[in-house]
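One structure is given here, and the rest of the page talks about it.
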Amino acid sequence: MNGSGETDALDDRACRMVRRTVTIAGRRTAVRLESAYWTFLQEICAREGMSLDHLCSTLDARRDGMGLAGALRLFVVGYFSAASPLSPTVNPEKEAVPRHAA
């Protein structure tokens, strides 16, 4: 809520659950994430020059039993944490996003 007692619209939009369909290994699958996470994923894909489907496929292969939505959330947090100059530990030998074959 803001000072006038109204709910902050930005917070409402960022927290709203959004269902999107991605293609993983040739199969369409639906994923529900907060709107803010979709925005962050689009930013990561733009920075890394890859499609959302490619990113989701890469994470799907690594998630080791974790739900895809949870894996995507953790990936976003890890990506921006590693990119932060305030990050306490950055492992330069591990890429935040695996590069796709050119």
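Every number in this text was worked out from the coordinates using simple rules, so none of it is lab data. Source: prediction; values computed, not measured. When we count neighbours, we look across all protein chains shown, and the Cβ atoms used for this are built from the backbone with ideal geometry, even at glycine.
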Looking only at segment 23-65, count how many residues are under 13 Å from the mean Cα position of the chain (by Cα) and of a type in the set (Val, Ile, Thr). 4
Across segment 46-74, the tally of residues that are part of a helix (DSSP H, G or I), of a type outside the set (D, E, K, R), free of Cβ contacts under 8 Å to residues at least 24 places away in the same chain and under 23 Å from residue 14 (Cβ atoms) stands at 5
Which ones in segment 75-85 are in a loop (DSSP other than H, G, I, E, B) and of a type in the set (S, T, N, Q)? 84
